[in-house]
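In what follows, a structure is listed as structure tokens, so that the remarks can point back to it.
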Amino acid sequence: MVFSSQIFLFYFLPLTLALYYLAPKRAKNGIITLLSYVFYGWGTPILIVLILFSTAVDYACGLSIGRARAAGARHAARTAVVVSMCTNLGLLAFFKYFIFATDSFDTVVSALGLAEMRIDLWFRVALPLGISFYTFQSMSYTIDVYRGHAEPIRRFVDFAAYVAMFPQLVAGPIVRFHEVDRQLLERDHTPEKIARGLALLALGLAKKVLIANPMGRAADIAFGAASIAAPEAWFGVAAYSFQIYFDFSGYSDMALGLGLLLGFVFPRNFDSPYRSQSITEFWGRWHLSLSHWLRDYLYLPLGGNRRGQGRTYFNLAAVMLLGGFWHGASATFVVWGAFHGAALIVERLLGKRSPYRRLPGWAQVAATSALVAVGWVFFRAASLHEALRYLGAMFGMPAAESAALLPGLLYQPFYLAVMAIAAFVVWVAPQSTSFAVRLNWAKLTAIYVVFALAVVALATQTFNPFIYFIF
């Protein structure tokens, strides 16, 4: 089930809110858990078993760590956190990377003339929705308890609600346990929260349906072209840059809004990333929950920037490579991570000598946006070969002409209008989380209009999955 569907908006959500608000306080987390399992297992019920297993392991490990810490048994606490990490990372590795690893092995041994060593699996492993998100989220609980940043939770249903909560289950934000531990036990439900929640839900839906989806269709045309010239190639990657931003930030807005409707305040996931004046700043604004998770649970434990310049560069490269690989078992994601890692290292090396420093602010933003767009080519392309071919077209190497119909398909007034609106929202308009703070009649009218337009557009569209669902 997806947020941008009629069955969710007009059936599942009203029923969920009715049951939730009618339930007594002690039963509310149970209602959240039960209905989140319905949401997650809507198309494939067997997936509920997987998330239940992960939840049960981390719940038991959290209690074990708490008892061990109270008794001063550091070895037992360390063993429990290792069990949690191995279980979560093992699930993630098997479902997300097992087929990639075996296929890569078969390719290598075949290239070496050792075809008899091929594995040639007769089965394929399907990727469960949201596994990259809820394994990281669940694992943060045991790590936080081990570090003493949070106390172990006592009721299983409360922890199950934290892991499976449907607003952020399948595409984030990755809510760490210490950010909501108190809210799981005690939270309020105020008219102000409900109003903000509904506003963010409406704005997020509008981002997805009215901007991301049309920009996605334009990007599909460009990336699917057999021959494309530089202007159309840049238009296509600009369309994809807007698509992925409005798709993911739209989902995040809806997640934050749904959380508010249930009384939870989740951390925001975006801070106008396309207004960044460097790649370093970009990663302080884009997908904040993942960036902060990688920083706190990987970069800093590796030593961060405290062990010398060489180690700092290694840590940056390692974290960005793993961040790219987290997105998917593909060479394109690894190269995307390496690209951003290299950009971060170069910016750190140059420091005040960076060319960015010599440009006016608007030019720094433009240059950063162009670099980010180049990286998105690897993120969007079906293969490394296709990414390199598309990049060659963007930079006129070799010189190519677009198919006769391509400019007419791309430069339609509708796509140009949507791209102009997207640019205005990205670089001029206030962030949706700020816009929804102090609501007045003018804001409510604007929100109602865009929501109505989104619902009308939704009725004309088919399945509307979010890009980050595949991660």
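From the coordinates of this entry, mean projected area of the Cα convex hull in nm² is computed, and it appears in [x] 21.6; [y] 24.4; [z] 26.0 under the label [z].
Rounded to the nearest 500, the 222 nm mean residue ellipticity of the chain from helices alone is -21500 deg cm²/dmol, with -39,500 (n - 2.57) taken per DSSP H run of at least 4 residues. Listed by chain and number, the lysines whose C-alpha is less than 23 Å from the C-alpha of Lys207, apart from same-chain residues fewer than 8 away, are Lys193, Lys443.
Taken as Cα centroids, region 377-453 and region 286-364 sit 25 Å apart, rounded to the nearest whole angstrom. Listing Thr280, Thr460, Thr55, Thr135 from fewest to most neighbouring C-beta atoms within 10 Å gives Thr460, Thr280, Thr55, Thr135. Answer with one residue from Leu391, Tyr59, Val365: the one whose Cα lies farthest towards the positive end of the charge dipole of the chain, charges on Cβ with Lys, Arg +1 and Asp, Glu -1. Result: Tyr59, furthest along the dipole toward the positive end.
For Val456 and Cys86, the difference between the fully extended length at 0.36 nm per residue and the C-alpha to C-alpha distance is 128.6 nm. Long hydrophobic helices in the chain: the complete DSSP H runs spanning 20 Å or more by Cα along their own axis with mean Kyte-Doolittle hydropathy of at least 1.0 are 47-71, 191-206, 331-350, 361-380, 413-427, 441-460.
How big is D, in µm² s⁻¹, for region 166-313 by Stokes-Einstein at 20 °C and 1.002 mPa s if Rh is the Kirkwood radius over C-alpha pairs?
Reported coefficient: 122 µm²/s.
Here the simple spin-label model places points 7 Å from the Cα toward Cβ, and for Arg348 and Ala71 these points are separated by 4.1 nm. Distance between the 7 Å Cα→Cβ label points at Glu192 and Ser227: 6.2 nm. Since only Phe339, Ile143, Gly43 are under comparison, the one whose Cα sits farthest along the positive direction of the charge dipole of the chain, derived from C-beta charges on Lys, Arg, Asp and Glu, is Ile143.
With a simple spin-label model that places each label point 7 Å from the Cα along the Cα-to-Cβ direction, the separation between Arg154 and Leu439 comes to 3.6 nm.
Values in this text are rule-based calculations from the coordinates and carry no lab data. Please read these numbers as outputs of a predicted model, since none were measured by experiment. Cβ: placed from backbone, ideal geometry, glycine included. Neighbour counts: every protein chain shown.
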